[in-house]
Amino acid sequence: MNPYILAILLFSLGLGTTITLTSSHWLFAWMGLEINTLAILPLMAQQHHPRAVEATMKYFLTQATGAATLLFASTTNAWLTGQWDILQMSHPIAITMAILALSLKIGLAPLHTWLPEVLQGLDLTTGLILSTWQKLAPFALLLQIQPTNPSILVMLGVTSTLVGGWGGLNQTQLRKILAYSSTAHLGWMILILQYSPSLALLTLITYLIMTSSTFLVFKLNKSTNINMLATSWAKAPALTTLTPLVLLSLGGLPPLTGFMPKWLILQELTKQELAPIATLTALTALLSLYFYLRLTYAMTLTMSPNNVTGTTPWRLPSLQLTLPLAILTTATISLLPLTPTISALLIP
């Protein structure tokens, strides 16, 4: 892609998210989401591969549906209450529609079915943008909506953690596994959103760090399915030693960074007298942990096949910057001891 066009698209991507993050009016927020969607479409379709084009089309249709529903919800709210302000949304019908529209945009279960299919058709760099940056704007709007009925967010959260864990169990494609992982993590965030927004924000930040490091590891190894992970020993032995820790951090095992948000969320849910919900979500985390362990096993304890079809790929020097990967991997593995400091800064 022409570097000037790429720069314009990335600028538009940043601009769309910034407009949504800073807006207080529903029309501005909607406009930011639309700019965001339109800016990423050429990045998704740049491979000129039928799968990439198909994924772009699916993404466009789901995002357009979500945006139209959101616009309808905000117009309905303005019609019924006379308010266009995001924080003033008060009608239960409008609130429910807006929450479902934003859930479709970020890929919460049961509105998640587009996400694995779309992510599977993209390269790892665009997949990284889709899994991290594209979640920010809709999540910021979800943070500002105060639901009149608290059970809708709890239902979405529990369903997402369940589906995210179950869906990833039978997958061999890394991008689909990461898509289900994304749904499960967003479920945890949505679950705690109405009880402690700052804790949901902390969970989002740790999710962004962990997912970015995982995508960058796979990109460095050029791995797209589980079998290709087995050749990573030969390419980057030191990184292969650290990657299991990154994956287990995504699964939420102590003493890694991923344990921190899960621990605090379970604690907060128990304080809110939602112990059964906390127990159920803790059990669904085991489902996710299984497929992270499966990736860890494939990466560290299996040898690559040496038959003709499974010959080791050329070990060409990678052009990828390793500093972001180093910083993100360190953050993914070692931030748990800072929990008291982070809690004091973020959680009132």
**Study point:** Hits in region 161-177 (condition: of a type in the set (A, V, I, L, M, F, W, C), open to solvent by 10 Å² or more (accessible area, probe 1.4 Å) and over 25 Å from K271 (Cα atoms))
**Key:** V163, W166, L169
Practice item. Please name all residue pairs, on different chains or six or more residues apart, with Cβ atoms under 9 Å, provided the first residue is in region 59-71 and is under 19 Å from P42 (Cα atoms) and the second residue is of a type in the set (G, A, S) and open to solvent by 10 Å² or more (accessible area, probe 1.4 Å). Key: Y59/G121
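So, in region 39-65, how many residues would count as being among the β-branched types (V, I, T) and more than 14 Å from L119 (Cα to Cα)?
Of the residues in region 39-65, the ones among the β-branched types (V, I, T) are 40, 53, 56, 62, 65.
Among the residues that remain, those that are also more than 14 Å from L119 (Cα to Cα) are: 65.
Final tally of qualifying residues: 1.
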Check your understanding: Given the conditions (1) β-branched (V, I, T); (2) open to solvent by 10 Å² or more (accessible area, probe 1.4 Å); (3) touching a Gly at 6+ places or on another chain (Cβ under 9 Å), which single one is not true for T69?
Key -> (3)
Point to revise | Matching entry among L245, L220, L239, L253 (being surrounded by fewer than 24 Cβ atoms within 10 Å (Cβ to Cβ) and either under 16 Å from A109 (Cα atoms) or in contact with a Phe, Trp or Tyr (Cβ under 9 Å, 6 or more places away or on another chain) (or both)) | key: L253
Review point. Does region 36-43 include one or more residues that are farther than 27 Å from A73 by Cα and within 21 Å of the chain's Cα centre (by Cα)?
Key: yes
Study note, to complete from the structure: Every listed condition ((1) open to solvent by 50 Å² or more (accessible area, probe 1.4 Å); (2) more than 27 Å from D123 (Cβ to Cβ); (3) among the hydroxyl-bearing types (S, T, Y)) holds for T18 save (2)
Exercise for review: Would you be able to tell me the number of residues in region 72-81 that are under 17 Å from I99 (Cβ atoms) and open to solvent by 30 Å² or more (accessible area, probe 1.4 Å)?
Suggested key: 4
**Study point:** Where L208 falls short, out of the listed (1) modelled with pLDDT of 90 or more; (2) buried (at least 22 other Cβ atoms within 10 Å of the Cβ)
**Key:** (2)
Study note, to complete from the structure: Condition set within 15 Å of I5 (Cα to Cα) and assigned to a helix (DSSP H, G or I), scope region 37-59, selection most open to solvent (accessible area, probe 1.4 Å): answer is L38
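The values are calculated or read from the model by the stated rules, or taken from the named source; none is laboratory data. Note that the structure is predicted; figures quoted are calculated from it, not measured. Positions of Cβ are generated from backbone atoms using ideal geometry, with glycine treated the same way; all protein chains shown enter the neighbour counts. Just the protein is used for accessible areas: all its heavy atoms, side chains included, with ligands, DNA and RNA removed. Shrake-Rupley method; radii C 1.70, N 1.55, O 1.52, S 1.80 Å.
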